[in-house]
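What follows is a short report on a single structure.
The values are calculated or read from the model by the stated rules, or taken from the named source; none is laboratory data. For clarity, every value in this text was computed on a predicted model and none was experimentally measured. Cβ placement follows ideal geometry from the backbone for every residue including glycine, while neighbour counts extend to all protein chains displayed.
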């Protein structure tokens, strides 16, 4: 990631602010406020604003449940209770705003989470930067034959090289033609004074999906966790997981108690179905249980055994 | 409005905070942060947190529209442009959180605005305060015969007195019976040791709809304006308008430029239909126009004439 | 529940419709379409419209995952897979609309689910029916001392009778005074020609929270299941559970495959935290585990043991 | 637009259904149900399900406003009233589901409307078709110098030809390289048995933004109108307007009364600010008014004059 001079100055200016406030403030998060944490080859994640902290969640829950919550003596105990029992509204009382730079094909995955506010850089009005994502050789992966949804064997050697060449050349060529059609370069300078330029809203269609875009993305803590649960998961695409992992770090700085409860109950936890519960119960009670009498499909059976590290029972 | 000792102390504590932050901060709003502004006879409005300011809107818009917005030189010009053209996402970048105390029948109207986060004091778990709304004599109004949706002639004299007596007595009696059923007073003390108490979740059903409740209510700036446009309007019920008016004041402190644009384009503005446009055009051009050839109903015609203060044309 | 003549006729009319359509149609649901299924003493649940069926979910999933889903051969297999892995969007493709009559204090709980469309009977414009909820003697319950959130020992004998008297008398008195203030009866007839009436929007505040209201409530299948998971749960208040149970039946008629998966994975299932997983693993592997070395609180420990019916390990 | 054999058969099958239902049914919409209406060069719009009609709106409004609405005698009068006064919830009672095929850069604009349910064809799991959007020569437009947000002078002759060549060649080359990287063709056949293939989730990044995608898109009538107001507007990008215009036709078939009100009050209407109202009032009353004493910017002034076709006053 290379920031422009303008960007570096803007970040410096923002970080040099020193305001007095009566609002809840989180020193650990303030330390990295506005900072551009690198993601992939040209992307970044910046926390640019936030509202509330762990205490705000507790405060909201205590208003809701009134004197009833007084018996849970600590903030930590209460937050764990809320997380365990899927109480959602207290976590909605905190809000965070990110500035993210990311490849378009990842942005398209990301935007499916509709419960956030978004302001994206518009290629209808502005010229996009000449920056596109290229995977590292390690990440170029052959799609395995038995799992068409992820990556399997790593593409190596000449074939990896070849793929990277194709990606690079196509992105560069299409970007150059984008400029040609616009009759303009990114800095706004005209290319050929005797020619007209194509409208930006049309020319952009020539760009490839690994071109970088950027947006402001604002969400409440509950929906941030919903996002992270899906996108920091091992089944998520690597490229979005890179962002989710960075955001998990910001969550830890921002609301450390909530972060711990989230890691324990959501990220590290598992769901067991009604049928699965009976199997676990029988396993503990040393009763006879096997896939045939379980009512589970092979896939379900294996997912259950994996969740509890019963590797010798995986079929 | 009378605050309890506990509440007064809590507000003092909150207001005595003095934190350093790099976040956008609004001194005018900080001045009243946490303060309980009285509403109706026992209610209040408190701003208890916020995120962003006018600048955050401008910043988000400039990310979106990129270099394209550079031609609108001032922040004010840009915010007015956004408001005029119904650009919504930049206004979603700011967030505010209120603590509100209000009668239940107003809470039921309020909650229909679904795009907010709410934590309400739960009468399932806690005993509600013995506080209920009683209108002032001025506000006791007879429903006019030709407008069944609002209030018409003011109820006066003996009849007003009688209504107030009924409201007061019924609220007090049902509250006392609420305590009797709970076998408990608000402070938690038992009434009759030889008796059991009814569950709170059931006993609450005996309370009248003017009993006060309270909640934390958090929303973004766009949805706050949507709420205020409807609820600060002269057609809104008086009791919710009281809250909306106080919140308009907090909006003015928080984002003064947005507030001005909002008052000009939304609150003070009007919509003209396709048919209405033709009539206005003709009126300006001194062409013949009357309700018969207008295609408007009498009601529509009058609404249009009123909007432009053409009182002599109202039928 | 007693329907008025008007209501009975309206239902008959609606049920006598016989339209031709190319849309997905569910005969099992059509059988009860428009029917008022009784709930509590005066309430009801009516399915009045729907869109889509189990097939619509499968169809949407196959568009999403394309050729990838062809390997899951059956509709049932695919729907179970979607449910197990929290895929949400295919379930959003079905929609259902209910007409519900319910006490106001339950409506207030219900409305907290914001992801639905609601049109409620407005007491601002119309006079509410003289109908209010009274629990049966069996349901009058004393709040247990160790669980302030639910009901414990059942209130019996004279005390139960007394509570019911209080509820009944207060509801009737406040309703009568509501009419007095309006100077009008429910049927619209004036009470005293020499008097003015109070506006409906004000008079309603005198009603108690067990007064019945009604609304149209429309939601998609995903959010219906989110609602039912919380409200058909044994921890939900009895009065809302009555409605949720009826709606579970309508779900079974509408989308029977989804219903089965929902009962298995959500309603009958459980969540196990990261720490809990280790304990279960150890229990199965006969390793030493107890509450001290578990890292769980007593409450968490007991919840875990209960989930797997390990009753002898509950502390 | 050319449909595959499979698609043609699927549509035939869907259209041959003939189910009996008691639900509200709209014969005019049934006529085109499932039909693929062509949009741009390879896209289409298909209505594949719906719920409710004009009557459903009226019914919901009458539940809400109760006896109060009886005075508005006709359905048309009531729907117009609801539209004029921004009553939103009755319009949420109807739902429609589309199957849309559209270029990715348009899908990215479209998805910003978050209040809809979406299931998009996933290039993570499946191979995209070799279809990409190419504008017609008429639509290739040079971006005007004074309006960087739209298109100005039409690119003509050789330059237009050149741009079309670039778009076509780049889309074809990147698609071919996409297949090469996958080591697979769209039909699933392997290209080179001695080679591995890149994961689909990665290979897709090489495609250009004019590649076609498809999705199921479901929304309620209120949000459909919000979408159409913005996207059928003359300021919307041509390529999305093509879709919006087709959808306007489906709206007309589905809910003709609502359609008329929508065209009159929203699409054909205009907003006038508080300051603007004074100017219009003065113009009608022949009072002195000009841009200097109006308080409007030049841009605002011109927009106002344009709205009422006062062309000779445009500056």
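Applying the selection to the range C:152-183, what residues are in a loop (DSSP other than H, G, I, E, B) and either buried (at least 17 other Cβ atoms within 10 Å of the Cβ) or more than 8 Å from chain B (Cβ to nearest Cβ) (or both)?
Residues satisfying the conditions are C:155, C:156, C:183.
Out of the range C:243-256, which residues are touching a residue at least 40 places away in the same chain (Cβ under 8 Å) and touching a helix residue (DSSP H, G or I) at 6+ places or on another chain (Cβ under 9 Å)?
Residues satisfying the conditions are C:243, C:247, C:250, C:253, C:254, C:255, C:256.
Which residues, counting only those in the range A:260-276, are within 14 Å of residue A:308 (Cα to Cα) and surrounded by 16 or more Cβ atoms within 10 Å (Cβ to Cβ)?
Matches in the range A:260-276: A:269, A:270, A:271, A:272, A:273, A:276.
Within the range D:110-122, work out how many residues are crowded, with 18+ Cβ neighbours inside 10 Å and away from chain C (no Cβ under 14 Å).
1
Where residues in the range A:286-314 are more than 19 Å from residue C:268 (Cβ to Cβ) and touching a helix residue (DSSP H, G or I) at 6+ places or on another chain (Cβ under 6 Å), which of them is nearest to the other protein chains (Cβ to nearest Cβ)?
A:309
Kindly indicate whether any position in the range C:277-290 is surrounded by fewer than 15 Cβ atoms within 10 Å (Cβ to Cβ), under 20 Å from the mean Cα position of the chain (by Cα) and free of Cβ contacts under 8 Å to residues at least 40 places away in the same chain.
no
Please specify each residue of the range B:16-33 satisfying the condition of being more than 8 Å from chain A (Cβ to nearest Cβ) and not in a loop (DSSP other than H, G, I, E, B).
Selection gives B:27, B:28, B:29.
Are there any helices (runs of 4 or more DSSP H) wholly within the range B:184-285 with 3 or more residues that are within 14 Å of chain D (Cβ to nearest Cβ) and closer than 25 Å to residue C:199 by Cβ, and if so which?
B:221-231
For residue D:214, state whether it is assigned by TED's automatic domain parsing to the domain that holds residue D:241 and either over 26 Å from residue C:64 (Cβ atoms) or modelled with pLDDT of 90 or more (or both).
yes
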